[in-house]
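Quick notes on the structure that follows.
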Amino acid sequence: MKKQKFSNTAYKNKFISEKYDRVNLTLPKGKKEELQKHAEKNKESLNGFINRAINEAIERDGN
């Protein structure tokens, strides 16, 4: 009997596609590194930092 190989990456991609929307963000060269350093300094992921920044802007703008 052949054992079926489990793909952790495929599972994660399926989960993400079912639970999350994706946005393609384009930045000037070097900006990504700047954002990553800022996020790391604040002990968060780049994705977490971007989400926090968006949420804070929405709250600040009263929308």
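The values are calculated or read from the model by the stated rules, or taken from the named source; none is laboratory data. What you are looking at is a predicted structure, and each value in this text was computed from that prediction instead of being measured. Here Cβ is always computed from backbone atoms with ideal geometry, including for glycine, and neighbour counts include all displayed protein chains. The accessibility values were calculated without ligands, DNA or RNA, using every heavy atom of the protein model including side chains. Shrake-Rupley method; radii C 1.70, N 1.55, O 1.52, S 1.80 Å.
This table checks each residue for (1) in a helix (DSSP H, G or I); (2) loosely packed, with under 11 Cβ neighbours inside 10 Å; (3) under 12 Å from the mean Cα position of the chain (by Cα); (4) among the β-branched types (Val, Ile, Thr).
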{"residue": "LYS12", "(1), (2), (3), (4)": "yes, yes, no, no"}
{"residue": "PHE15", "(1), (2), (3), (4)": "yes, yes, no, no"}
{"residue": "GLU18", "(1), (2), (3), (4)": "yes, yes, no, no"}
{"residue": "THR26", "(1), (2), (3), (4)": "no, yes, no, yes"}
{"residue": "LYS32", "(1), (2), (3), (4)": "yes, no, no, no"}
{"residue": "GLU44", "(1), (2), (3), (4)": "no, no, yes, no"}
{"residue": "ARG60", "(1), (2), (3), (4)": "yes, yes, no, no"}
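ASN47 meets all of the listed conditions (1) on the phi < 0 side of the Ramachandran plot; (2) modelled with pLDDT under 95; (3) not hydroxyl-bearing (Ser, Thr, Tyr) but one, namely (2). Screening SER7 against (1) open to solvent by 80 Å² or more (accessible area, probe 1.4 Å); (2) at pLDDT below 95 leaves a single unmet condition, (1).
For beta carbons closer than 9 Å, sequence separation of 6+ or different chains, a first residue in region 16-39 that is touching a residue at least 24 places away in the same chain (Cβ under 8 Å) and a second that is open to solvent by 100 Å² or more (accessible area, probe 1.4 Å), the qualifying pairs are LEU25/LYS32.
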